[in-house]
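The numbers here are math on the coordinates, done by the rules we state, and not lab data. Just so it is clear, the structure is predicted and the values come from calculations on it, not from any experiment. Please note: Cβ atoms are built from the backbone with ideal geometry, for glycine as well, and neighbour counts cover all protein chains shown.
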Amino acid sequence: MTYVVAQEVVDAFYDAFVKPDGDKLAQLVHDDVRWTTRGPIGVLSFCGTHHGKSQVLELATQTLPTVFSDIRLVRESLVIEGDRAAALNFQTARRRADGRTITYRFAHFFRFKDDKVIETITIIDSFNAAEQVLGHALPIDSASAVTPPDALAGEVNDLVFL
């Protein structure tokens, strides 16, 4: 029979991660976990790739709590297929440095093994989050904007498949 992660396992993981409950989290994270959060590490120190249970526990119980307090998550959607789960979440937290409320969306893509997270990729709305953490809009240099190749530079309504 093919392994299917139960929603209760995903829920237990989120509960332990947000609190953070290091003991409970240690039971839900695989020893060989690979945890990647895409975003600007210089602004959002919790971004980057973490390998192994000890690094993920440090992230959840030490790094994140130095950045945010009062973390609240609202799950907008959850899809589970076999050993994988994908969730779209909306996070509200208080920034420890100045008490400002920071809100942003992020998506988690999990792979589970034996009811433990063995891999996750987190994609956050990092531009929005970085602006909020910095307290100002990020300048956009029009000279550095990406220009589409000629093949894609048609009318706005054009759809090109490559």
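Amide hydrogen proximity for Val117: with H placed 1.01 Å from N in the peptide plane, the residues at 5 or more positions away or on another chain lying under 5 Å are Val29, His30.
Using a cut-off of 15 Å between beta-carbons, work out the net charge of the residues near Thr37 (Lys and Arg +1, Asp and Glu -1, Thr37 not included).
Values: positive: Arg34, Arg38, Arg105; negative: Glu58, Glu119, Asp125.
Overall, the nearby charge balance is 0.
Can you pull out the trypsin sites (Lys or Arg not before Pro) in region 20-99 whose DSSP state is coil and whose Cβ has at most 15 other Cβ atoms within 10 Å? Numbers along the way, then the final one.
On the way: sites: Lys24, Arg34, Arg38, Lys53, Arg72, Arg75, Arg84, Arg94, Arg95, Arg96; in loops: Arg96.
Sites meeting the loop and neighbour criteria: Arg96.
Residues whose amide H lies under 5 Å from that of Arg96, counting only those 5 or more places away or on a different chain, are Phe68, Ser69; hydrogens are built 1.01 Å from N in the peptide plane.
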